[in-house]
Amino acid sequence: MKKILILMLLAFSSSAQLFYSFPTNSQSSPSIKWKKIEDAHFKIIYPDYIEADADYVYSLLDHYRLIEGESYGITPPSMQFIIRPEMSQPNGFVTRGPFRSEFFASSSFNPFIGGLDWYHALAVHEYRHIVQYQALDSGGFKFFKMLFGDNGLSLLTFWTTSAWFFEGDAVWTETKYTDAGRGRSPRFMAYARALVEAGKFPTLDQLLAGSYTQPYPNHYVWGYLLITRARKIYGDEIWQMIIPKITRRGYNPFAIYTAFEVVTKKNFNEFYEETIAELVKKWPPKKVTEKEYEIDSYPIPTKDGLYYLKSTMNDLRALYLNKSGKPEKIKEINIETGLSKIDYNENRIVYTRNQPDSRYAFKGFSDVYIYNIKEDRNTRITNGKRLYHPSFGLDGKTFMAIEFTSDNKWILARYNLNGDYLGEISHQGRIYEAIYFNDQITYISADKEGYRSIYIGDKRIISRTRNNIFNLSTDGNDLIFECDLNGRVNIVRYDIKTGEFYSLTGLDEDAFEGRVFNGNLFYVKQTAFGKKVAKKTALGIKISKNKLETDYLSKDDYSDNYLQSKPVVQKIAQKQNIEHKDYGRMEDFLRPHSWSFFGGRGLMLTGIFKNYLGDNTADLSIGRNSENGKPIFGGNYFFMKYYPIFGIGGLYEDREEDFQGAKNKWAETSIVPSITLPYVDRFGFYNLKLLVTGVARAIKVTNDLNTADYELQNDRVLEKVGQFSFSLTKDKTWRRIFPVWGIDSYIKYVDADLKRGRDSRLVDIQADIYIPGIFTNAGLKMSYKRIKQEDSASAYRISLSQSLTADYKYSRGFNYFFFPNFEIYRFDYSFPVVNTELRLLGDWLYLNRITANFFYDKTKFFSKNYFVPDNKESNGLEIGLETNIMRKLPLKLMMSYIHPQGSDKRLYEFSVGSYGEF
């Protein structure tokens with residue numbers, strides 16, 4: 001989605017000289033009728049067909065409103081919530097511009113949020129972010145809010161704090177105030193624990209900057225550790241005391257670390273090291289034999305060998321077959337293992353793949369695919385569904401899957417292998433996953449409060465638990481599943497004949513995705529280098545049913561009780577007599593969420609507007625040009641509810657410039673209507689983005705001017721712009737600089753009609769082609785650019801809005817001069833040199849890795865009326881230093897050696913760019 005937004009921004013950046021809003025595809029379907037629940041504390045915006053969900057969310061938020069603000073000593077502000085009904089992946093977030101929280105309607109069909117009901121987990125976690133933002137709204141933050149609104153607060157929040165604080169504190173909250181939460185599931189801490197036990201836990205800089213050696217636990221995990229330990233040592237009010245110190249240091253990029261030291265008298269780096277040392281005492285070191293990071297998943301033992309999925313730092317996920325200890329790569333398959341289980345039947349695997357909607361980013365699908373191993377054929381079985389955890393039928397000619405229907409109901413659906421719907425299978429509660437076992441439907445489901453149960457047919461073998469049970473399988477005799485047990489993720493066997501439960505993996509490892517075959521358990525175990533396939537006998541140790549339902553938590557293990565507190569059962573009272581009203585999507589549009597008193601031309605009052613649903617956005621600006629003191633005003637508006645996206649922009653300014661000793665004064669007016677058609681899709685590991693843009697730019701210049709013939713003089717011009725952008729790129733592996741394969745391209749045509757002057761045309765073509773290099777993670781980018789304008793010195797000149805680089809419109813090393821027709825060939829061969837991971841200037845500079853790029857450029861010129869210059873050729877080397885500046889800015893420091901051919905000079909340049917995500 002991010003790429004399509006960038007393409008949109010580029011398409012419009014030349015269309016209006018002032019803009020703060022631009023079109024995006026972040027909307028829901030236009031057919032939805034939106035309703036709202038509104039009182040003094042909340043405005044909940046939701047589709048009319050999920051009113052019961054909205055009522056439940058309202059009850060949850062009202063319950064936690066005062067509880068969550070208590071530890072910060074505040075009352076949460078009135079807040080807006082949007083429930084998006086069409087997403088295929090569970091998620092939620094809080095953001096500014098405008099300030100709101102968005103919930104993706106879904107369910108806990110995977111185990112990664114712990115044992116809570118989905119809406120319950122969202123409410124307690126995302127509401128905590130609102131409390132955090134409110135706590136920060138003081139001191140220098142209030143000043144920034146006054147000057148810039150939401151955008152100013154977002155900037156200052158990024159500058160002074162860190163994501164680990166927000167997410168770690170939110171995980172602490174969901175663990176502290178509920179009887180589940182991620183902090184009470186050992187799954188959440190499994191990788192961190194394996195690293196500690198191996199003596200491989202990363203430094204704070206490695207966590208903040210990321211690593212090309214291997215991925216490390218995300219900021220939710222280590223943020224939770226740091227937030228929680230600080231509360232345990234310094235008291236629950238510690239972060240309430242730290243936040244005011246942060247807000248008084250808005251100038252300081254290390255404000256959160258400085259404030260921590262001021263309050264606790266402890267250097268934060270020392271505090272981090274002591275936190276890890278505490279974990280080491282709890283989890284003593286173990287011998288580690290692995291050296292290379294990989295993620296294995298879903299081992300499937302068969303008579304032909306062991307099938308399993310594997311991805312590494314250098315390879316995308318693929319299906320492997322291990323015969324007699326010799327793994328063989330079968331095929332790359334894009335399976336998001338956290339969202340899709342896989343099943344096997346007669347040389348076929350069935351799985352689901354997440355697919356984007358072609359237009360609306362707040363809409364997605366999860367469709368079923370079947371890969372035939374012998375025929376090497378991958379077939380999409382369904383289209384436009386939301387299906388999860390498919391399982392073959394007993395006859396191998398059908399499959400069943402849990403389905404999130406178009407009216408947001410969770411059902412257990414049955415399909416044939418052509419994708420035809422065969423009906424719903426009855427079940428109890430909200431379904432999570434299901435398989436066939438003992439000729440019966442066996443499934444995990446939850447009641448209205450989110451407590452889970454396991455059913456075999458009508459018989460309930462596990463009843464109402466917060467245990468994070470998941471991943472049913474069977475060998476035909478017994479039922480296998482994974483769950484939390486005494487601080488570990490454990491694989492359990494249920495004996496259908498005796499009704500007894502057996503722990504198969506014990507307390508010395510975290511085990512996942514187990515299957516039993518010929519008396520052996522095949523599973524993946526967590527290690528310090530990812531997850532690896534393992535095997536052991538499937539005998540196990542008998543455990544009680546009560547141990548799985550109510551007594552599964554450890555007494556003091558950090559994996560599920562780092563908080564060192566008892567679970568809190570919250571009784572959520574369902575609100576009654578809730579008033580539901582129609583929501584008008586324009587009712588929140590006319591109030592600016594951000595503003596500014598500065599612009600690109602000088603002092604300028606700007607207001608930025610956007611409704612909560614994100615389908616209307618605008619900006620208005622008025623001010624004076626700093627160069628001549630003349631007035632300037634303009635704005636943009638985009639209506640993004642439908643397909644296509646419509647926009648209108650405008651600009652008026654009084655201009656004054658000197659030209660060869662004469663003073664020119666004139667007024668310039670432009671009106672810019674536009675239309676945009678985005679399209680996105682995904683095919684396996686390939687991402688398709690298309691963008692068709694049409695813009696009309698009408699410009700009027702008053703007065704006869706002393707200017708060159710090719711500039712406007714008392715004239716009007718109508719620029720009609722059409723642009724088509726096409727991108728098809730394969731996902732990058734962890735260490736690559738370029739995509740493995742792909743093409744990024746666009747073609748732009750501008751037709752400029754003048755009332756008095758000479759008309760002009762512009763054709764702008766660019767294509768970047770990516771192919772693998774010779775060595776691992778190396779890549780070659782071959783670029784072509786063609787510019788063609790009117791071949792006349794008196795023709796109106798159309799400005800070039802895009803170029804191959806920000807600095808050079810021709811070959812690198814050559815200055816730009818106007819020429820109507822030219823083409824550029826460029827070759828870049830890039831590769832990683834070394835992973836350094838060095839702390840160079842304390843907290844100020846961390847060097848992550850060094851990259852290199854050899855390049856060759858050639859520019860050719862064409863003209864019948866101009867003197868044609870010689871070809872411009874250059875080659876050279878660019879050394880990139882990928883750094884983390886001030887523990888928050890992922891910047892690439894580029895040192896370039898450029899040799900312009902045909903010249904004795906050598907150029908040495910330095911530039912700065914971004915290589916990561918802020």
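Residue under question is GLY499, and the condition is that it be small (Gly, Ala, Ser) and out of contact with any helix residue (DSSP H, G or I) (no Cβ under 9 Å at 6 or more places or on another chain); does it hold? Considered against the rule, which asks whether it is small (Gly, Ala, Ser) and out of contact with any helix residue (DSSP H, G or I) (no Cβ under 9 Å at 6 or more places or on another chain), GLY499 comes out as no. Looking across the stretch 183-205, the residues that are open to solvent by 30 Å² or more (accessible area, probe 1.4 Å) and over 21 Å from VAL171 (Cα atoms) come down to GLY199, LYS200, THR203.
Based on this model, can you work out whether LEU306 counts as closer than 30 Å to ASN835 by Cβ and either outside the structural domain of PHE831 (by the TED database) or not small (Gly, Ala, Ser) (or both)? Spelling it out, it is not the case that LEU306 is closer than 30 Å to ASN835 by Cβ and either outside the structural domain of PHE831 (by the TED database) or not small (Gly, Ala, Ser) (or both).
When the stretch 449-473 is filtered for residues that are open to solvent by 10 Å² or more (accessible area, probe 1.4 Å), part of a loop (DSSP other than H, G, I, E, B) and out of contact with any Gly (no Cβ under 7 Å at 6 or more places or on another chain), the ones remaining, listed by number, are GLU449, TYR451, GLY457, ASP458.
Put simply, of GLY476, GLY499 the only residue that is modelled with pLDDT under 95, surrounded by fewer than 24 Cβ atoms within 10 Å (Cβ to Cβ), more than 34 Å from the chain's Cα centre (by Cα) and not basic (Lys, Arg) is GLY476. With respect to the conditions (1) within 24 Å of the chain's Cα centre (by Cα); (2) assigned to a loop (DSSP other than H, G, I, E, B); (3) surrounded by fewer than 22 Cβ atoms within 10 Å (Cβ to Cβ), SER31 falls short on a single one, namely (1).
Residue by residue through the stretch 502-525, note down the ones that are open to solvent by less than 30 Å² (accessible area, probe 1.4 Å), not hydroxyl-bearing (Ser, Thr, Tyr) and not in a loop (DSSP other than H, G, I, E, B). The answer is ALA511, PHE512, GLU513, GLY514, VAL516, LEU521, PHE522, VAL524.
State which residue is surrounded by the most Cβ atoms within 10 Å (Cβ to Cβ) when the search covers only the stretch 839-852 and only residues that are without any contact (Cβ under 8 Å) to a residue 40 or more places away in the chain and within 27 Å of GLY773 (Cα to Cα). Step by step, filter the stretch 839-852, then rank; the result is LEU847.
To keep it simple, each residue is scored yes or no on (1) loosely packed, with under 14 Cβ neighbours inside 10 Å; (2) in contact (Cβ under 8 Å) with a residue 24 or more places away in the chain; (3) within 25 Å of PHE501 (Cα to Cα); (4) not basic (Lys, Arg).
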residue	(1), (2), (3), (4)
TYR558	no, yes, no, yes
GLN564	yes, yes, no, yes
VAL569	yes, yes, no, yes
TYR583	no, yes, no, yes
LEU605	no, no, no, yes
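Note on the stretch 275-299: residues that are in contact (Cβ under 8 Å) with a residue 40 or more places away in the chain, open to solvent by 20 Å² or more (accessible area, probe 1.4 Å) and either on the phi > 0 side of the Ramachandran plot or part of a helix (DSSP H, G or I) (or both) amount to 4. Scanning the stretch 300-318 for residues that are in contact with a Leu (Cβ under 6 Å, 6 or more places away or on another chain) and in contact (Cβ under 8 Å) with a residue 40 or more places away in the chain turns up just one, TYR307. The number of residues in the stretch 327-341 being free of Cβ contacts under 8 Å to residues at least 40 places away in the same chain and open to solvent by 10 Å² or more (accessible area, probe 1.4 Å) comes to 4. Here the stretch 651-666 is the region considered, the condition is being modelled with pLDDT of 75 or more and open to solvent by less than 30 Å² (accessible area, probe 1.4 Å), and the residue that is nearest to the chain's Cα centre (by Cα) is LEU651. THR337 - would you say it is assigned to a strand (DSSP E or B) and among the β-branched types (Val, Ile, Thr)? It is false that THR337 is assigned to a strand (DSSP E or B) and among the β-branched types (Val, Ile, Thr).
Among the residues of the stretch 266-316, those that are touching a helix residue (DSSP H, G or I) at 6+ places or on another chain (Cβ under 7 Å) and among the hydroxyl-bearing types (Ser, Thr, Tyr) comprise TYR272, THR275. Does ASP376 satisfy being open to solvent by 40 Å² or more (accessible area, probe 1.4 Å), in contact (Cβ under 8 Å) with a residue 24 or more places away in the chain, out of contact with any Asp or Glu (no Cβ under 9 Å at 6 or more places or on another chain) and under 22 Å from TYR308 (Cβ atoms)? Answer is yes for this residue.
Here TYR344 meets each of (1) open to solvent by less than 30 Å² (accessible area, probe 1.4 Å); (2) among the hydroxyl-bearing types (Ser, Thr, Tyr); (3) at pLDDT 95 or above with one exception, condition (1).
The values are calculated or read from the model by the stated rules, or taken from the named source; none is laboratory data. Bear in mind the structure is a predicted one, so any value in this text is a computation, not a measurement. Methodologically, a virtual Cβ is constructed for each residue, glycine included, from the backbone with ideal geometry; neighbour enumeration extends over all protein chains shown. Note: areas computed on protein heavy atoms with side chains; ligands, DNA, RNA excluded. Shrake-Rupley method; radii C 1.70, N 1.55, O 1.52, S 1.80 Å.
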